[in-house]
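Structure record follows, encoded as structure tokens.
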2 protein chains.
Amino acid sequence: MTRRRPVASTAKTGLRRRAASPARAEKLNKLTLGQLDYHLGYVLRRLQIWVFQDFIQTLATMKVRPAQYSVLLVIEANPGRSQAAIGQTLGIERARLARLLHELERRKWISRRASGSDARSHCLHLTADGEKALVRIKSLAAQHEARLADHVGAKRRTQLMELLRDFG
Amino acid sequence: MTRRRPVASTAKTGLRRRAASPARAEKLNKLTLGQLDYHLGYVLRRLQIWVFQDFIQTLATMKVRPAQYSVLLVIEANPGRSQAAIGQTLGIERARLARLLHELERRKWISRRASGSDARSHCLHLTADGEKALVRIKSLAAQHEARLADHVGAKRRTQLMELLRDFG
DNA sequence: TATTGTTATACTCTATAACTATA
DNA sequence: TATAGTTATAGAGTATAACAATA
């Protein structure tokens, strides 16, 4: 990392820099990335790291991680579904999802009800508290998304969205 | 995850299914992603996960992880530089880089020589073994890249590359 | 037999802090 | 006082395996 800088909003919001330091870090002249520059996976990952770091920081006040956020949204959009269905949709291992849901349940944001049709599975729902929290969470997520648009440029964000959204 | 297996034919048609799995998994009717679909970070991450999994699998015979690969390429392109410089270029914490280099050194792929100008720092170089291994590694990485192009489509890959490479 | 959810283990990656030896 | 490198710890994410209850 170490590049990045221009964007107005980063200064405004006091984002965070990796090297952070004041121009003195520039002492180490920049190295070339070599053939790394020709790997889509690498440039993809650099942006992805930026996104996660900004997301985590933006939602720090609610202590919500990306995976938790994705689970909350999918439960909201598909109330009453099982852990297996949620996990499969998001690509989260059932073992990991069990622990993740445990935490969300502890916070009273979701409930697991017994399923009438299959005694093995649980029906997942947001609680009233969960819905209330999600309003605030979505607002913060929107701030993050705006900052991302600012980081890559609104037009580039739209283009990336179109390229990535529909090939799945 | 569960999907994977970038079969050529599906990539060619651009169809691809997320659940990918053996048709029986279709039993669980597909859930909607809700507002997740409007987060660039999410779609970015899905592809990024695919890339890493394919990369790791493709380079499994050489037991090379993405981070190790990136370090090898940057050392190759910038021989004699310090750990600090490498780490800063790639955005890898110096603590983590130290362990990572330890492993590469154990495998005789890199060497750390004392720096003449600063007794604190090490100069990093590929060994002859390292250069030889890197030939094989790059060949596997190229296979991975080709599979990625097949997965997203060659044209889309190029477009993504252009959008992501130069805004840093 | 297969699936749902659970617990447990192990490994990678990230983020710190503390330490040394230099500068 | 700051930097280069090391070691240690803790947390998240990923990947397994094993288990009980149920299908």
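The values are calculated or read from the model by the stated rules, or taken from the named source; none is laboratory data. Just so it is clear, the structure is predicted and the values come from calculations on it, not from any experiment. Backbone-built Cβ (ideal geometry, glycine too); neighbour counts: all protein chains shown. Just so you know, the surface numbers come from the protein's heavy atoms only, side chains and all, with ligands and any DNA or RNA stripped out. Shrake-Rupley method; radii C 1.70, N 1.55, O 1.52, S 1.80 Å.
Here is how the numbers come out for the structure above:
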read-out	value
Residues satisfying the stated conditions in segment B:77-99, i.e. of a type in the set (A, V, I, L, M) and either part of a loop (DSSP other than H, G, I, E, B) or more than 21 Å from B:Asp118 (Cα to Cα) (or both)	B:Ala77, B:Leu90, B:Ile92
Among (1) in a loop (DSSP other than H, G, I, E, B); (2) of a type in the set (A, V, I, L, M, F, W, C); (3) more than 9 Å from DNA strand D (Cβ to nearest atom), the one test that A:Leu134 misses	(1)
Conditions (1) surrounded by 13 or more Cβ atoms within 10 Å (Cβ to Cβ); (2) within 18 Å of B:Thr61 (Cβ to Cβ); (3) without any contact (Cβ under 8 Å) to a residue 60 or more places away in the chain; number of the one not met by B:Leu124	(2)
Enumeration of residues in segment B:95-136 that are among the β-branched types (Val, Ile, Thr) and touching a strand residue (DSSP E or B) at 6+ places or on another chain (Cβ under 8 Å)	B:Ile110, B:Thr127
Yes/no for B:Ile92 being surrounded by fewer than 17 Cβ atoms within 10 Å (Cβ to Cβ) and either without any contact (Cβ under 8 Å) to a residue 24 or more places away in the chain or not assigned by TED's automatic domain parsing to the domain that holds B:Gly41 (or both)	no
Cβ pairs under 8 Å, 6+ apart, first in segment B:31-57 and on the phi > 0 side of the Ramachandran plot, second buried (at least 16 other Cβ atoms within 10 Å of the Cβ)	B:Gly34/A:Leu73; B:Gly34/A:Val74; B:Gly34/A:Glu76; B:Gly34/A:Ala77; B:Gly34/A:Asn78
Test for B:Leu148: is it in contact with a helix residue (DSSP H, G or I) (Cβ under 7 Å, 6 or more places away or on another chain) and in contact (Cβ under 8 Å) with a residue 40 or more places away in the chain	yes
Selection within segment A:132-158 - open to solvent by 60 Å² or more (accessible area, probe 1.4 Å) and facing another protein chain (nearest Cβ under 10 Å)	A:Lys155, A:Thr158
Tally, over segment A:76-97, of residues that are near DNA strand D (Cβ under 9 Å from one of its atoms) and over 21 Å from A:Met62 (Cβ atoms)	4
Of the criteria (1) within 12 Å of DNA strand C (Cβ to nearest atom); (2) of a type outside the set (Val, Ile, Thr); (3) away from every other protein chain (no Cβ under 13 Å); (4) more than 30 Å from B:Leu47 (Cβ to Cβ), which one A:Asp118 fails	(3)
Selection within segment B:58-86 - more than 10 Å from chain A (Cβ to nearest Cβ) and either free of Cβ contacts under 8 Å to residues at least 12 places away in the same chain or among the basic types (Lys, Arg) (or both)	B:Ala60, B:Lys63, B:Arg65
Residue match in segment A:113-121 (condition: over 17 Å from B:Leu31 (Cβ atoms) and surrounded by 14 or more Cβ atoms within 10 Å (Cβ to Cβ))	no
For B:Arg81: the one exception among (1) among the basic types (Lys, Arg); (2) outside the structural domain of B:Val152 (by TED's automatic domain parsing); (3) within 17 Å of the chain's Cα centre (by Cα)	(3)
Conditions (1) at pLDDT 95 or above; (2) of a type in the set (Ser, Thr, Tyr); (3) over 18 Å from the mean Cα position of the chain (by Cα); (4) outside any strand (DSSP E or B); number of the one not met by A:Thr158	(3)
